[in-house]
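Working notes for the structure below.
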Amino acid sequence: MSEGVVLALRDVHKSFGPVSVLHGVDLDLRAGEVMALIGENGAGKSTTMKCLAGYQPASSGQILLDGQPVSFGSLHDGEEAGIILIHQEFNLAEQLTVEQNIFLGRERVRRGLLDKAGMRRRTRDYLARVRCDIDPDTPVSRLSNSDKQMVEIAKAFSREARVLIMDEPTAVLTNAEAEILFEQIDSLRAAGCAILFTSHKLGEVKRIADRVTIMRDGAVVHSGMARDMSEDEMATAMVGRDVSDLYPARPGLAPDAPVMLRVEGLEVPGHASGLSFELRRGEILGFAGLIGSGRTEAMEGLCGLRPARTARLEIGERPVSLHRPADALAHGLCYLTEDRKLRGLLLEKGLRVNLTLQALAKFGGFLIDRAAEEKALSRAITEFDIRAGRRDMPAGNLSGGNQQKLLLAKVMQSEPTILIVDEPTRGIDIGTKQQIYAYLRRLTDAGHGVIVVSSEMQEIIGLSDRVAVMRQGRIAGTLGAGEITEETIVRLAMGLSAGTNGEAA
């Protein structure tokens, strides 16, 4: 056993029925070190982490704790041994308060009664560590996604881990929130904690990791010091091909490109006010802004997913009224949600059901043409490169990237002329990002219009022909092709300057 190794895998294999997902994985987690585990969605990272933490048993091979073979029967057994896993998907009880979630299953008792005052005090301390200013009595269901992630992190810190395993912990965090997390990771590393960290944001890997282990197709393909690899080298090792051209070429918008969507005076009560913008044929229009700026709510209101009103709304130069999502679909406007798990897919249902649900009218009336659905699924699997062990597997068993491709295939069954995609690549790997970016550009090349809402600055800059920057529910400015820079976007989002059609705050 190497010096300092706390937890290790030795020749670990994992299969789900006939499908083998891990192939002889060796891994060392060392005290006082951060190891980044990276790879494409479906590479086996999450399964590896679940085997380490006791969430899933290995099919064969050994798990070693302090050099001794162990077998965890459950996640609880792993936690009792000091191994804490922060899941990629929230593992919180929505109906309970923040405090109740922090101490769930470990409630503190004093003189035979629950020590509510003590638990509330400790909860405030844990939240303060991650600078999360929320009331411990707040039900989790009322929190934003970023606050939920901070509660997950605070809950993990409360367990005084020897080994902390973090599966995409920054996926829903702002840059400032991520930096707070990195400061805590630095403190834990200095205290001797062994940390495994996964992220598709390779800049974060360079920022936080001592070592990097890269997986591809269920096997480790590289392990070494993070300082010895550039981000481009990491990306190439992950996908097995060059990804230096991550964003497709922008052909440039024709000066006479017709307006496909004209919005004047969009109001979404409590979230957005006075929004006016245009989308032209063949254009990708990016919507940027800080978390809470109202981007998502504005797009949901536009598509009839929440109460909204407009002074004037035109699609294809014809005035329209959109009160329900069905109205938007009928006029060729389709919205791809940022939350694929809760609002985009039926995770317990198979691929075919998910693919055709939004466009069932295409597949029959009273009776559904199953053969036609299967043909559509075959086309979608090929066109979107959806990688699934079986066609009838639940959508929830797909990797995050393949879920996102299935969701994109689903909305395209409605044959929209205008597509709004909200956080199109959140929590997915660089190879799948490249595929989705190329698909969006092919749509615009074919004459569609695309709106991209994203919190990733480089995504907005790399994809967009123009960028509308939102601040506090309003459009602070709109940037043309020659104006799109990180500094300009940030200044508009912070209210420090104005762009075209914008006003300084």
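Worth pointing out:
- When residues of the stretch 357-375 are limited to those that are part of a helix (DSSP H, G or I) and in contact with a Leu (Cβ under 8 Å, 6 or more places away or on another chain), the one farthest from residue 341 (Cα to Cα): 373
- Look at the stretch 367-380: where a residue is without any contact (Cβ under 8 Å) to a residue 60 or more places away in the chain and a partner is hydroxyl-bearing (Ser, Thr, Tyr), sitting 6+ places away or on another chain with Cβ atoms under 7 Å, you get 373/356; 376/356.
- Lone qualifier among 322, 367, 345 - being assigned by TED's automatic domain parsing to the domain that holds residue 270, under 25 Å from residue 274 (Cα atoms) and of a type outside the set (Ser, Thr, Tyr): 322
- Within the stretch 323-344, residues that are free of Cβ contacts under 8 Å to residues at least 24 places away in the same chain reach partners that are surrounded by 14 or more Cβ atoms within 10 Å (Cβ to Cβ) and of a type in the set (S, T, N, Q) with beta carbons closer than 6 Å, at six or more positions or on different chains, in the pairs 343/337.
- Residue count for the stretch 305-322, restricted to those that are assigned to a loop (DSSP other than H, G, I, E, B), touching a residue at least 40 places away in the same chain (Cβ under 8 Å) and either at positive phi or crowded, with 20+ Cβ neighbours inside 10 Å (or both): 4
- For the stretch 369-420, the set of residues classified as of a type in the set (Gly, Ala, Ser) and touching a Ser or Thr at 6+ places or on another chain (Cβ under 7 Å) consists of 376, 401, listed by residue number.
- Residue check, residue 450 under 18 Å from the mean Cα position of the chain (by Cα) and β-branched (Val, Ile, Thr): no
- Residue in the stretch 232-243 that is over 30 Å from residue 32 (Cα atoms) and in contact with a Lys or Arg (Cβ under 8 Å, 6 or more places away or on another chain) present: yes
- Candidates 118, 105, filtered to the one that is surrounded by fewer than 20 Cβ atoms within 10 Å (Cβ to Cβ) and in a loop (DSSP other than H, G, I, E, B): 105
- Residue that is surrounded by the fewest Cβ atoms within 10 Å (Cβ to Cβ), among those in the stretch 35-86 that are in a strand (DSSP E or B) and of a type in the set (S, T, N, Q): 68
- Residues in the stretch 423-466 that are farther than 18 Å from residue 334 by Cβ and of a type in the set (Lys, Arg) were compared, and the one that is surrounded by the most Cβ atoms within 10 Å (Cβ to Cβ) is 433.
- Here the stretch 141-168 is the region considered, the condition is being of a type in the set (A, V, I, L, M, F, W, C) and at pLDDT 90 or above, and the residue that is farthest from the chain's Cα centre (by Cα) is 163.
- Residue, modelled with the highest pLDDT, within the stretch 484-505, restricted to residues that are part of a helix (DSSP H, G or I) and touching a Lys or Arg at 6+ places or on another chain (Cβ under 9 Å): 492
- Restricting 133, 115, 125 to those that are touching a strand residue (DSSP E or B) at 6+ places or on another chain (Cβ under 8 Å) and free of Cβ contacts under 8 Å to residues at least 12 places away in the same chain reduces the list to 115.
- Those residues of the stretch 77-113 which are of a type outside the set (Asp, Glu) and under 22 Å from residue 15 (Cα atoms), in sequence order: 78, 85, 87, 88
Yes or no, residue by residue, for (1) crowded, with 23+ Cβ neighbours inside 10 Å; (2) of a type in the set (A, V, I, L, M, F, W, C); (3) within 18 Å of the chain's Cα centre (by Cα):
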| position | (1), (2), (3) |
| --- | --- |
| 381 | no, yes, no |
| 393 | no, yes, no |
| 397 | no, no, yes |
| 404 | yes, no, yes |
| 415 | no, no, no |
| 419 | yes, yes, no |
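- Sole residue being modelled with pLDDT under 95 and out of contact with any Phe, Trp or Tyr (no Cβ under 8 Å at 6 or more places or on another chain), chosen from 272, 254: 254
- Answer residue from the stretch 279-304, given it is hydrophobic (A, V, I, L, M, F, W, C) and part of a helix (DSSP H, G or I) and is surrounded by the most Cβ atoms within 10 Å (Cβ to Cβ) among those: 298
- Evaluation of residue 231 against (1) modelled with pLDDT under 90; (2) within 12 Å of residue 40 (Cα to Cα) (one fails), failing number: (2)
The values are calculated or read from the model by the stated rules, or taken from the named source; none is laboratory data. Keep in mind that what you see is a predicted model, and the values were worked out from it rather than measured. Here Cβ is always computed from backbone atoms with ideal geometry, including for glycine, and neighbour counts include all displayed protein chains.
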